[in-house]
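Nothing in this text is a laboratory measurement; each read-out follows from the coordinates by a stated rule. Remember, it's a predicted structure, so these values are computed and weren't measured experimentally. Note that we place each Cβ from the backbone using ideal geometry, even for glycine, and neighbour counts take in every protein chain shown.
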């Protein structure tokens, strides 16, 4: 299994463990395609933009994602609007990135706790998101 690490829409980076897949036959026109199955929970991980190429704890984050079958979406900023755009990206692309958009939570580094809670308040107030309070998490 591998863990992908890639940018999304100039908003930040995604730590994406390999998905389970299966071969699916599509009758019209007749083709067989490989589809991702078993969507994973998704975590918006607020670090103040620390998660990027060369992040010192990237390998640990990848290992955690793979072991626990979760996807980390790491915005480049803890600003409410950037986090809101990230939330909307996840909602629109849940099938593509193979996540359960209704199993979304916000986690943050301890030093980002206040900003993370403000971002959660923004998601709830402005985007009507169903999100619990931000939790501290560090690999």
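Annotations for the structure displayed:
- Convex hull (Cα only) mean projected area of region 1-61, reported in nm² to one decimal: 5.9
- Working from Cα pairs under 8 Å separated by at least six residues, relative contact order for region 3-136 is 26 percent.
- Taken as Cα centroids, region 116-139 and region 1-78 sit 20 Å apart, rounded to the nearest whole angstrom.
- Efficiency of FRET from Cβ geometry, residue 113 and residue 88, R₀ 35 Å, rounded to 0.05: 0.90
- Quotient of C-alpha Rg and 2.2 N^0.38 Å, computed over region 9-139: 1.12
- Using alpha-carbon coordinates, inclination of helix 113-127 to the longest axis of the chain, degrees: 60
- Secondary structure note: in the chain, about 60% of the DSSP beta bridges are antiparallel.
- 15 Å cut-off, amide nitrogen to a point 7 angstrom out along residue 63 Cα→Cβ, residues in region 1-20: 3
- Simple label model, 7 Å out from Cα along Cβ direction - residue 121 to residue 95, nm: 3.7
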